[in-house]
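*Asks:* The structure follows.
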Amino acid sequence: MVAIPALAVEDLSVEFRTRSGVVKVLDHVGFTVEKGETVALVGESGSGKSVTAFAVMGILDAAGKVTSGRAMFGGSDLLAQSERDLAELRGRELSMIFQNPRTALNPIRRVGQQIADVLVRHGGATRPDAPREAIKMLKKVRIPDPERRAEAYPFELSGGMCQRIMIAIALACRPALLIADEPTTGLDVTTQAVIMDLIGELGRDSGMATIFITHDLGLAAEYCDRIVVMHAGHIVESAPSRALFANARHPYSAKLLAATPGETASLASLVSIPGGLPDLRRADLPACRYSGRCERLTDACAQPLPHKTVGERHDVACWNPL
Amino acid sequence: MLKLLLSRLATAIPSIAGVIVVTFMLTRLLPGDPAAYFAGLAASPQAIAEVRTKLGLDKSLPEQFVGYIVDLAHGNLGNSLSTGQPVVAEIVNRLPASAELTLVALFLAVGIAIPLGVLAAVKQGTWIDHLCRIVTTAGVSLPVFFTGLLMAYVFYYLLQIAPAPTGRLDAFLSAPTDITGFYLIDSILTGNLETFRGALSQLALPAISMAIFSLAPLARMTRGSMLSVLNSDFVRTARASGLAPRTVVFTYAFRNAVLPVITTLGMVFSFLLGANVLVETVFAWPGIGLYAVNALLTSDYAPVQGFVLAMAVLYIALNLLIDLLYGLVDPRVRLDS
Amino acid sequence: MMPLLRHARYVLSENPVTGLAFGLFTLFLIAAIFGPLIAPYNPLQSDAVNTLKPPTWAHPFGTDQLGRDIFSRVLVAARLDLSIAFASVILAFLLGALSGVAAGYFGGWTDRIVGRLADTIMAFPLFVLAMGIVAALGNKVINIVIATAIINFPLYVRVARAEANVRRDAGFVEAARLSGNGEARVLLGHVLPNIMPIMMVQMSLTMGYAILNAAGLSFIGLGVRPPDAEWGIMVADGANFIQSGEWWVAFFPGVTLMLAVFCFNLLGDGLRDIIDPRQRT
């Protein structure tokens with residue numbers, strides 16, 4: 001029997017309508033996240049990682065439109081849900097934490113109150129009980145002196161503290177899926193590790209699936225079971241972390257790995273990836289959006305992208321893989 | 001909060017000092033003979049000389065300034081030439097009429113502008129957004145005295161649903177017992193519904209004219225600030241947490257968006273206090289604006305000076321109130337001061 | 001220059017109202033320049049037979065209590081109204097931009113004195129201060145110009161100060177200083193020209209307010225004296241006939257005044273979108 005995944009994104013395409021034309025931000029993206037599994041979405045900025053998350057959560061900007069695809073979650077398609085039903089799920093069944101925790105919290109509302117708002121909304125606590133439950137959540141994310149901190153405003157707390165508050169808000173209702181969008185960007189290195197450990201630990205305790213969005217392959221390898229590599233709105237490779245590091249098959253993944261400082265790589269051996277992302281407004285986008293930067297370009301690359309399975313849960317979208 | 005109050009009071013002191021110096025300068029440092037101004041147009045040379053000695057204008061400027069301050073400290077703004085009454089007493093008597101008109105106009109303006117701005121931002125690009133845009137551009141372009149006249153013509157002369165645009169109360173109705181000086185409140189307190197209705201119908205047109213004029217900056221600021229807050233990170237967090245749309249828009253977005261709107265209130269008060277003069281002239285409203293205009297026309301200078309000073313002090317006090325209101329809503333200001 | 005023109009065309013196509021405002025502006029300009037030449041009647045000529053006549057083909061805006069042709073008066077008044085507003089805006093710009101740039105560039109005492117001056121003016125409700133100034137200086141047109149300039153002064157100071165402050169340490173200013181220019185030359189020759197676009201926006205934005213303010217002052221009997229034609233005073237004249245139903249006496253000058261203010265506000269917004277798109281709301 002095959003286990004039902006926590007989230008299965010299939011064939012997801014998203015367009016943004018801007019003044020200078022339609023931007024095809026996501027093009028037939030698909031991946032799955034098993035229950036209790038931690039999956040990293042990796043790619044440079046502009047590759048569509050965050051848009052994927054926003055589309056799944058149903059919080060795309062007004063300019064963004066989902067043009068195809070499904071996001072199966074708990075037996076139903078998130079993309080087909082009404083805004084009303086989706087709002088019921090958000091914060092309860094699927095949650096998200098963002099980068100820049102200090103601006104992601106309401107600046108003029110006490111942090112305890114912000115946690116309580118979510119609890120009350122999703123039936124996690126009654127209004128009178130909510131402050132006490134909020135303090136319990138603060139304890140859970142290991143904020144010292146939680147009774148006093150619950151009364152604080154975000155501007156009175158450090159960035160790391162604010163990110164713990166964000167985690168408390170996201171996990172308050174024990175969601176089945178957490179999307180963490182660059183949760184450690186802008187935090188110092190020691191705080192990064194603490195935050196990542198906290199997310200990992202709280203996730204394991206409740207059997208929660210986690211999608212971890214980052215541009216840092218090293219961080220992804222350290223904390224995630226599997227890695228999904230995105231480039232210019234395509235998923236180019238997905239593999240278990242170890243398999244990807246040992247045997248990256250897509251030229252872009254390989255370059256990305258070589259550009260990641262690791263324990264073994266010396267600074268001199270770090271490479272940069274030539275070129276930039278293609279202009280996604282172009283009408284004549286090549287089938288493989290990496291082809292403009294690729295050293296292994298062949299005539300076959302003009303055909304529609306293949307989806308080759310090259311190993312145990314290891315897929316690559318390339319005609320000429322390594 | 002007390003600390004905030006004290007620090008804001010401290011910043012008001014230089015403003016008040018500046019206002020006193022300017023009002024002093026307006027009368028003493030100008031070309032022409034201040035004694036002649038204060039004595040009035042038809043005064044004889046002897047009368048002017050008398051006024052000069054009486055006002056101490058024959059003394060040196062610093063002495064005069066000290067004298068002016070001493071007079072102010074005693075609440076003395078001089079006497080009106082035409083009525084012979086002390087200016088302070090007249091201003092105090094007429095203040096409730098102006099305050100009632102201005103406050104009703106303010107409540108109307110805020111009550112229309114803020115919901116309009118919020119709706120325009122939440123439903124961006126719909127008809128209500130376009131309506132908001134028209135109102136904000138047209139509103140500031142309407143000369144308040146002209147809108148007042150136009151409304152008087154339409155609602156009094158043509159439709160005959162508004163009373164004659166003359167004063168606070170129809171001549172057949174008696175003013176309510178003076179408790180607050182606000183006819184609307186006093187008539188309710190004394191249970192005099194007929195007077196209430198009369199006062200309200202007299203108040204409606206001038207208050208609406210003033211409200212139309214002042215709601216534009218409020219609506220514009222509400223829309224703009226609401227739009228930027230709705231695009232902010234923390235509103236995205238609130239939506240991602242599945243909070244009810246009502247909570248997102250009001251508890252999260254609106255409370256933050258209202259902060260720049262509170263700041264705009266300062267400008268709105270400046271508009272309102274100026275418009276007050278014009279509207280009182282159009283509707284023969286017995287407030288301090290009309291008092292000053294009548295004094296201007298008879299070159300009766302003491303009331304004008306008293307009026308300018310009173311309005312400036314009132315405006316500074318209102319700005320102080322705005323700062324405190326801001327502090328109430330925004331903990332960053334409250335706790336940092 | 002080309003990108004600016006292209007951007008201007010884009011703003012115009014995006015916002016046709018700005019085009020409309022530009023058309024109106026041209027009409028007002030024609031009235032202000034050629035008004036006395038194209039007016040069908042002498043605006044001061046009374047006609048005892050034809051007093052308070054409603055609009056007809058002969059008198060499209062009707063006649064007033066002295067039988068004067070309101071259309072001719074409205075047309076001729078454009079010059080006076082626009083001159084007052086324009087002169088006061090120029091004056092406010094000269095005073096405000098110079099002291100604001102100096103305040104932002106030098107900082108220190110200059111900044112404190114200019115700032116205090118601007119704050120003191122802002123401590124008054126502006127129209128009330130203008131009333132006080134005209135009353136004190138004397139009931140003349142030039143004093144309306146001065147009063148309107150003074151109440152607009154702080155707006156210019158604020159914008160010019162902020163812009164100069166930002167540019168004080170900019171590369172081109174530093175370069176001008178190092179190549180041996182005196183402070184005054186750097187200020188007038190290099191800083192001031194660079195803040196001109198933003199000052200132009202400010203001028204067109206305050207123009208409408210200046211017209212409104214000047215008309216308000218003459219409405220309460222300050223500045224312009226009868227029988228001179230001016231929109232505010234004409235509306236004041238007409239106010240006496242509203243209750244007896246002779247609406248046209250106040251209506252046409254009032255509508256013209258409103259259109260003029262509307263036109264300048266729209267132009268100001270349009271110009272801001274062209275020059276400083278970030279400020280767009």
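The values are calculated or read from the model by the stated rules, or taken from the named source; none is laboratory data. Here the structure is a predicted model, which means the values were calculated and not measured. Neighbour counts run over all protein chains shown; Cβ positions are idealised from the backbone, glycine included. Surface accessibility is based on the protein's heavy atoms, side chains included, excluding ligands, DNA and RNA. Shrake-Rupley method; radii C 1.70, N 1.55, O 1.52, S 1.80 Å.
*Asks:* Just give me the residues in the stretch B:301-337 being under 15 Å from residue A:108 (Cβ atoms), surrounded by fewer than 18 Cβ atoms within 10 Å (Cβ to Cβ) and without any contact (Cβ under 8 Å) to a residue 60 or more places away in the chain, in sequence order.
*Replies:* If the condition is that a residue be under 15 Å from residue A:108 (Cβ atoms), surrounded by fewer than 18 Cβ atoms within 10 Å (Cβ to Cβ) and without any contact (Cβ under 8 Å) to a residue 60 or more places away in the chain, then B:332, B:335, B:336 are the ones that fit.
*Asks:* Oh, and also: Of all residues in the stretch A:148-178 being touching a residue at least 60 places away in the same chain (Cβ under 8 Å), part of a loop (DSSP other than H, G, I, E, B) and within 11 Å of chain B (Cβ to nearest Cβ), which is surrounded by the most Cβ atoms within 10 Å (Cβ to Cβ)?
*Replies:* Applying the filter and picking the extreme gives A:172.
*Asks:* Of all the residues that make up the stretch B:73-87, how many are under 15 Å from residue B:301 (Cβ atoms) and not in a loop (DSSP other than H, G, I, E, B)?
*Replies:* Final tally of qualifying residues: 3.
*Asks:* Residues of the stretch B:62-109 being open to solvent by 30 Å² or more (accessible area, probe 1.4 Å) and among the β-branched types (Val, Ile, Thr), which ones?
*Replies:* Passing the criteria: B:66, B:69, B:70, B:83, B:88, B:92, B:104.
*Asks:* Further question: Out of C:268, C:238, which single residue is at pLDDT 80 or above and either at the interface with another protein chain (Cβ under 9 Å from one of its Cβ atoms) or not in a helix (DSSP H, G or I) (or both)?
*Replies:* Only one candidate qualifies: C:238.
*Asks:* I've got another one for you. Restrict the check to the stretch C:195-213 and report whether at least one residue is facing another protein chain (nearest Cβ under 10 Å), part of a helix (DSSP H, G or I) and among the β-branched types (Val, Ile, Thr).
*Replies:* Within the stretch C:195-213, one or more residues are facing another protein chain (nearest Cβ under 10 Å), part of a helix (DSSP H, G or I) and among the β-branched types (Val, Ile, Thr).
*Asks:* Taking helices (runs of 4 or more DSSP H) that fall entirely within the stretch B:228-306, which contain at least 1 residues that are facing chain C (nearest Cβ under 9 Å) and under 28 Å from the mean Cα position of the chain (by Cα)?
*Replies:* Hits in the stretch B:228-306: B:255-282, B:288-297.
*Asks:* So residue B:112 clears everything in (1) in contact with a helix residue (DSSP H, G or I) (Cβ under 6 Å, 6 or more places away or on another chain); (2) open to solvent by less than 60 Å² (accessible area, probe 1.4 Å); (3) more than 21 Å from residue B:199 (Cα to Cα) except one condition, right? Which one?
*Replies:* (2)
*Asks:* Tell me the residue from A:199, A:273 that is buried (at least 22 other Cβ atoms within 10 Å of the Cβ) and either at pLDDT 85 or above or among the hydrophobic types (A, V, I, L, M, F, W, C) (or both), please.
*Replies:* Working: A:273 fails: buried (at least 22 other Cβ atoms within 10 Å of the Cβ).
Answer to the check: A:199.
*Asks:* Further question: Select from the stretch C:38-67 the residues that are among the polar types (S, T, N, Q) and not in a loop (DSSP other than H, G, I, E, B) and list them in ascending order.
*Replies:* The one that is among the polar types (S, T, N, Q) and not in a loop (DSSP other than H, G, I, E, B): C:63.
*Asks:* Can you tell me which condition residue A:185 does not meet? The list is (1) β-branched (Val, Ile, Thr); (2) open to solvent by 40 Å² or more (accessible area, probe 1.4 Å); (3) closer than 30 Å to residue A:312 by Cα, and all the others hold.
*Replies:* Exception for residue A:185: condition (3).
*Asks:* Taking the stretch A:143-202 as the region of interest, how many residues are farther than 20 Å from residue A:125 by Cα and of a type in the set (Gly, Ala, Ser)?
*Replies:* 8
*Asks:* In addition: Please report, ordered by residue number, the helices (runs of 4 or more DSSP H) entirely within the stretch A:43-112 with at least 3 residues that are surrounded by 22 or more Cβ atoms within 10 Å (Cβ to Cβ) and more than 8 Å from chain B (Cβ to nearest Cβ).
*Replies:* Once the helices (runs of 4 or more DSSP H) in the stretch A:43-112 are filtered for at least 3 residues that are surrounded by 22 or more Cβ atoms within 10 Å (Cβ to Cβ) and more than 8 Å from chain B (Cβ to nearest Cβ), what remains is A:49-57.
*Asks:* Mind telling me which of the residues B:162, B:175 ends up being closer than 25 Å to residue B:90 by Cβ and either surrounded by fewer than 21 Cβ atoms within 10 Å (Cβ to Cβ) or more than 9 Å from chain C (Cβ to nearest Cβ) (or both)?
*Replies:* Of B:162, B:175, the one residue that is closer than 25 Å to residue B:90 by Cβ and either surrounded by fewer than 21 Cβ atoms within 10 Å (Cβ to Cβ) or more than 9 Å from chain C (Cβ to nearest Cβ) (or both) is B:175.
*Asks:* Follow-up. Could you say which residue among C:86, C:71 is modelled with pLDDT of 90 or more and open to solvent by 50 Å² or more (accessible area, probe 1.4 Å)?
*Replies:* Criteria check complete, one pass: C:86.
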